[in-house]
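The values are calculated or read from the model by the stated rules, or taken from the named source; none is laboratory data. The structure displayed is predicted, hence computed values, not measured ones. Positions of Cβ are generated from backbone atoms using ideal geometry, with glycine treated the same way; all protein chains shown enter the neighbour counts.
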Amino acid sequence: MVLRIKFTYRASSQAHNPARLGFNSSRKCLNGTCFTRTNKKAPEGALLFVRVRRIELPTTAWKAVVLPLNYTRGVALNQNPVRTILPPIGQKFQSGLLYLFYMQFIIDVAGVILTAYLAFTNNLADRILTYFPADGEEVLEESENVSEASLRSLPSLFGSRGLPDILLRSVEYQRASAVTSVTENERPVTNPDEALVNIFCTFTSPTTIRTTTGTGFFVHSEGVILTNAHVAQYLLLGATDTLGEAECIVRQGTPAEPRYRADLLYIPPTWVQENASLITAAVPTGTGERDYALLYVTETVSGDPLPESFAALDVNTDLLPRTIKGESVVAAGYPATDLFKNGANSPLYSVVADTSISELYTFGSNYADVFSIRGSDVGAEGSSGGPVVDATGQVIGMIVTRGDDSTDGPGSLRAITLSHIHRTILEETGFSLERNLSGDIAYRSEIFTNTLAPFLTSLLSQEFN
């Protein structure tokens with residue numbers, strides 16, 4: 001049998017020259033690369049270390065070419081970086097296809113190991129950053145040293161039970177987040193009205209028309225929207241006929257006009273599991289724990305091209321210090337009082353109002369997970385999902401529930417902190433809020449839709465059946 005290979009050698013001495021070993025070159029050797037043909041046997045048991053560039057097999061079975069151990073440093077078939085050792089003289093592969101299959105298996109295993117390593121290191125880095133902010137350790141210490149007496153407690157539905165780990169165990173989801181870099185917000189704004197959106201869903205059946213409305217806001221220039229889970233849950237139902245023919249539109253402006261269509265990027269499965277039964281309640285209640293979701297814009301309603309970037313608010317995920325009580329903030333939303341009074345065709349107008357933080361609350365983390373703001377014109381149904389912005393123009397909270405009007409005045413509200421969102425999304429996905437806002441968003445949304453959305457949709461649909 002004749003084996004014809006093209007190989008690259010690095011001889012340690014003249015004794016290891018291919019010609020000295022009986023390899024008669026059929027062409028000139030150039031920089032150690034030769035086409036070689038041989039029938040000569042080498043000492044039994046010697047191994048070949050050769051960087052193979054091309055193999056031509058005239059028969060289905062072939063013997064390994066044998067060279068000294070220090071001849072070269074490794075093997076790479078088809079220019080593949082995986083290193084291996086060819087078998088000793090006399091050992092045969094069943095076929096060339098079996099060898100290629102073996103190499104592909106090694107590549108796949110290496111890919112899984114690399115993905116797991118990247119996911120672990122990114123998760124570890126995100127957790128380290130959670131406890132060591134860029135501003136320095138002293139800021140963290142001031143925020144963490146909040147005594148139990150200084151924070152009022154709210155009941156937690158998730159503190160004593162395990163969290164779903166579907167996305168943590170999904171290799172595809174972890175790979176989509178791990179291999180992409182964090183992209184910056186290219187079009188930051190400080191006026192919340194510029195980033196504000198109204199999320200308006202309509203469900204039409206033969207007998208009824210049901211509408212839902214809520215607020216959201218752009219948090220990344222690539223078109224990512226942050227809103228409430230109790231608003232975004234209707235996008236899950238939009239994929240079914242549970243409530244009839246569904247259409248969810250992202251509206252913008254004042255009055256709000258249809259602009260975009262959006263897909264669900266993420267909604268906490270823990271929130272859906274605990275609150276699915278409330279979707280049919282006349283007056284849903286809740287504390288706001290994990291009540292958030294991410295959407296991303298996929299197309300315009302008119303069919304025109306999407307803008308190159310979206311005006312978006314920067315988010316501040318730092319832990320809030322207790323000294324923030326009493327500080328002035330700005331709240332924004334789309335109050336829907338007129339819509340509930342006069343019907344779905346009533347125009348909605350964005351409202352931006354000055355207010356202040358009156359109290360801090362915790363779900364047992366001993367961090368400020370929720371804060372209340374004093375009454376303003378924003379405080380009405382429909383404003384859920386609106387931003388609360390600090391003096392620097394960064395979002396520190398998102399409106400989730402009504403507040404206590406008896407202590408904070410009419411129109412009071414409560415908001416979950418961005419630090420609460422950051423910590424909990426890290427627990428459930430393995431990646432920080434910042435990383436969840438960027439990268440291959442469409443691919444991550446597709447994986448979420450295929451792996452987790454069907455289960456969550458079934459939980460919601462059961463409540464109507």
Of the conditions (1) modelled with pLDDT under 95; (2) crowded, with 24+ Cβ neighbours inside 10 Å; (3) among the β-branched types (Val, Ile, Thr), Ile416 clears all except one; give me its number.
-> (1)
Can you name every residue in segment 300-322 that is touching a residue at least 40 places away in the same chain (Cβ under 8 Å), farther than 21 Å from Ser221 by Cβ and not aliphatic (A, V, I, L, M)?
-> Asp318, Pro321, Arg322
Residues being touching a Ser or Thr at 6+ places or on another chain (Cβ under 9 Å) and in a strand (DSSP E or B) - total across segment 239-250 | 5
Would it be correct to say that Leu235 is of a type in the set (A, V, I, L, M, F, W, C), outside any strand (DSSP E or B) and under 19 Å from Thr451 (Cα atoms)?
-> yes
Would you mind telling me which numbered condition in (1) surrounded by fewer than 14 Cβ atoms within 10 Å (Cβ to Cβ); (2) closer than 24 Å to Phe200 by Cβ; (3) of a type in the set (D, E, K, R) Glu308 fails?
-> (2)
Look at Ser376 and say whether it is crowded, with 23+ Cβ neighbours inside 10 Å, assigned to a loop (DSSP other than H, G, I, E, B) and among the polar types (S, T, N, Q).
-> yes
Based on what the data block shows, is Thr451 within 23 Å of Gly238 (Cβ to Cβ) and either outside the structural domain of Ala311 (by TED's automatic domain parsing) or β-branched (Val, Ile, Thr) (or both)?
-> yes
Residues being farther than 20 Å from Phe217 by Cβ and surrounded by 18 or more Cβ atoms within 10 Å (Cβ to Cβ): count how many of those fall in segment 323-361.
-> 4
Has segment 311-330 got at least one residue that is at pLDDT below 90, in the same structural domain as Arg444 (by TED's automatic domain parsing), of a type outside the set (Val, Ile, Thr) and not in a loop (DSSP other than H, G, I, E, B)?
-> no
